Amino acid sequence: MQKGTWAGLVACASALGLTGCGKEQPPAPPPPAVGVVTLKSETAPLFNELPGRIVAVETAEVRPQINGIIRRRLFEEGGYVRAGQLLYEIDDAPYRAALAQAQGQLARANAAIRATGLQAQRYRDLVGINAVSRQEYDDAAAAAEQARADVAAQRGAVQAAQVNQNFTRVRAPISGRISRSLFTPGALVQAGQADALTTIQRTDTVYVDVTQSAAQIIDLRQAMKSGGISEAGGARIQLLLPNGSVYPVEGRLQFTEVTVDQASGAVTLRASFPNPDGLLLPGMYVRARLIEGQRLQAILAPQQGISRDPRGRATAMVVGKDNKVEMRQVEVDRTLGDKWIVTRGLKSGDRLIVEGLLNLRPGTVVRPGAPQQVTAGAPGGAGGKAESAPGGAN
């Protein structure tokens, strides 16, 4: 009797366990939702951001060309000066005296030339009648020639003294902004001294000198030759100022250095920028955005859709056939805004996963949707809102 009762209880418990005590089994969870963007090929501008320095178009260091004491400074520091404007006056008393002395020597030479000339003329007449010897006439003629040479020499001495006196007034060699004066009135200056009195820089137009690696230049030229990159819109440069703002006027590439620096392997490029407001100052550190051209048929992938595997290779998750996840190894060239330019591994029409990547594995069946439709609480969602790639979301 007891054995039959226990057998019945065991059978009942087994039946209840199989049927869940009369309740149905829960349904399987839905596939995780992911946010995808559909990629398409398009034309993308190519540019490089390179460090550079502002350089004035013209720079002149003002130095004295004579020795003397500075008497006056006649310009406002930091102001604009024009070529030929008087900047300094050096005490000219010694040079006025030297000029007067040279003029006196010239007058004496002019007086001597008349006397020697008349004597040579008289001796020429007398030598014909043998009143004087031929030697005396030759001596008189030589004295007249020497007197004329002395006049020419003294005339040059007068000009030199006049030049030195003019150098006592130091004038601006070029037009531009003038810096502070390194010498004050009363200071002794000397010709050929190492320190300049002041510096003038022309900044209505400025140069920006940047460096680019030789490898990048070779890659760019090879891509242009193969037709993958167009030169449309090239040779233009934008300027990023130290505060992060963009200079409102674009510059133009002036030249590329013809040799590669052996130490750095880089090539110097020079661009010119209009600077009517004087915002760009010589020596300022900037970043130049060199617009090299346009890449044709480029694939732009949002950065949040590209990751790295443990070996550092770029990978991407795409939704393949039957909504199964596929992993692709890709190659990227550079960033363009918030997107990567993909050169291999992705093609137009691929559905790139940009949301819901957390714990996602290849082969998983997913529910693709537009990125803005994936919420933080959705199964498999990573949360947040992604930027959609060109071509819109699927």
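Couple of notes before you dig in:
- Coil-residue trypsin sites (Lys or Arg not before Pro) of segment 143-201, DSSP, other Cβ within 10 Å capped at 14: R180
- The solvent-accessible area of V55, taken with every protein chain present and a 1.4 Å probe, is close to 50 Å².
- A simple spin-label model places the labels of R344 and T184 7.0 nm from each other, with each point 7 Å out along Cα-to-Cβ.
- Using a Förster distance of 35 Å, the FRET efficiency for L74-R155 (Cβ separation, nearest 0.05): 0.65
- Legend: residues F183, F167, sorted from most to least accessible area (1.4 Å probe; ligands, DNA and RNA excluded), read F167, F183.
- Pairwise FRET efficiency - D309 versus A100, Cβ, R0 = 56 Å, nearest 0.05: 0.05
- Rounded FRET efficiency, nearest 0.05, which uses the C-beta distance separating V163 from R236 and R0 of 45 Å: 0.40
- Taken as Cα centroids, segment 303-349 and segment 146-173 sit 79 Å apart, rounded to the nearest whole angstrom.
- Potential lengthening between Q329 and L279 on full extension [0.36 nm per residue; Cα-Cα distance subtracted]: 13.4 nm
- Derived scalar couplings ³J(HN,Hα) [segment 321-332; Karplus, 6.51 cos²θ - 1.76 cosθ + 1.60; whole Hz; x for Gly, Pro]: 5, 6, 6, 9, 6, 10, 9, 10, 8, 10, 10, 10
- Accessible surface of V62 - all protein chains present, 1.4 Å probe, nearest 10 Å²: 10
- Zone residues, segment 331-356, relative to T364, backbone N less than 14 Å from point 7 Å out along Cα-to-Cβ: 353-356
- Remark: accessible surface ordering of L279, L352 (largest first) is L279, L352, probe radius 1.4 Å.
The values are calculated or read from the model by the stated rules, or taken from the named source; none is laboratory data. All figures in this text were calculated on a predicted structure; none of them were measured in a lab. Don't worry about glycine lacking a Cβ; one is built from the backbone with ideal geometry, like all the others, and counts go over all protein chains shown. To get the accessible areas, we keep the full protein, side chains included, count just its heavy atoms, and leave off ligands, DNA and RNA. Shrake-Rupley method; radii C 1.70, N 1.55, O 1.52, S 1.80 Å.
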